[in-house]
Each structure stands twice: as C-alpha cells, then as structure tokens.
Amino acid sequence: MKKLLLVIAILSFAIPSFADDLDEYIRLLKTDLKADARQIINKGMVTFTDEEAKRFWPIYESYMSEREKFLDARLALIMSYADDYDKMTDAKAQDLLNRRFEQLKLRNQLDEKYRPQFATALSPRRLVRFYQIQQELEVMIELKAISQIPMMKWWQSE
C-alpha cells in the first residue's frame, strides 16, 4: 500500500496540469496499479492460505480483466471532458453525466456477478477484507484522477 501511495505522490508532482501529458499519466497509473495490486491484496489478506490463494487468484484475474473495461471507460470519459472543457455545452455536460452514471451501474453489476464467485474462495469476513482493500485501491485511483480535473465551468464563456 505504501508503494502505491508513493507512486501516486510522485505522479502528482510529475503531472503539473490537467491537459499536460494526460495519456502518459493514464498509462503509468494503469501499469503501476496492475503491477502492485496483486502484491497489495496478498499482503493485505495477511494469512492467505495456499488453498484460498489457489481458489481466489483465478477469480481475481478474471474479475480484473473485466474491471479493466471500466477503468478504460472512466479514462475515456475524462478525456472527453478534457477535449470539451473550454467549449462545454449543456448537451455535452448531460452526455458526460449520463455516461458516468451508466458506468457506475455496470460496474456494480460486475461486482454482483463476481461476489458469489469470490465467496467460493473466501470466508465472509475475508471476503469483506478483500473488498475493503479493493475499494481502497480504487478510491486512491479515483482521488488521483479527480484531483487532476478542473471543476466544470458553469458560466458561459465569451
């Protein structure tokens, strides 16, 4: 977890503004997350038994493969916002909002799909712990992303 926090802190200094090298930031974020997530989860689960790990990791890999689509969609949404930031219309803003809520709904459906599978690998308390760790990772990513995004202009530019 400390390593991921360090990566995020370094990235926050490496990315001076919203528009500067957003593609590079996205690539680094996705690469570092993939590299560290498994280690962070393994460490956070503390006493993963060999049997639990044997059942858990294949489910996790499948879950994260599908979850990647949501990260890609979220990043595409951020890029759309960046592209239209200075020429935002009400229609574009409404489209962005609709897309974001659709993403959240689909992500929740994915979690509902995988929760019973994870439950075959972990006890209920360990499953809660896994979701806590997973949520923490996702919140850090989301916080980093939104910290780089300027607030929507609500006034008309001239």
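The values are calculated or read from the model by the stated rules, or taken from the named source; none is laboratory data. What you see is a predicted model, and the numbers here were worked out from it, not measured in a lab. Please note: Cβ atoms are built from the backbone with ideal geometry, for glycine as well, and neighbour counts cover all protein chains shown.
Here is how the numbers come out for the structure above:
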quantity: Those helices (runs of 4 or more DSSP H) lying entirely in the range 1-118 with at least 1 residues under 19 Å from the mean Cα position of the chain (by Cα), exposed (fewer than 13 other Cβ atoms within 10 Å of the Cβ) and modelled with pLDDT of 85 or more; calculated: 50-84
quantity: Every residue from the range 89-133 that is among the hydrophobic types (A, V, I, L, M, F, W, C), without any contact (Cβ under 8 Å) to a residue 60 or more places away in the chain and under 18 Å from Lys43 (Cα atoms); calculated: Leu127, Val128
quantity: Index of the failed condition, Pro150 passing every other in (1) in contact with a helix residue (DSSP H, G or I) (Cβ under 8 Å, 6 or more places away or on another chain); (2) modelled with pLDDT of 90 or more; calculated: (2)
quantity: Flag for Ala82 being in contact (Cβ under 8 Å) with a residue 24 or more places away in the chain and among the small types (Gly, Ala, Ser); calculated: yes
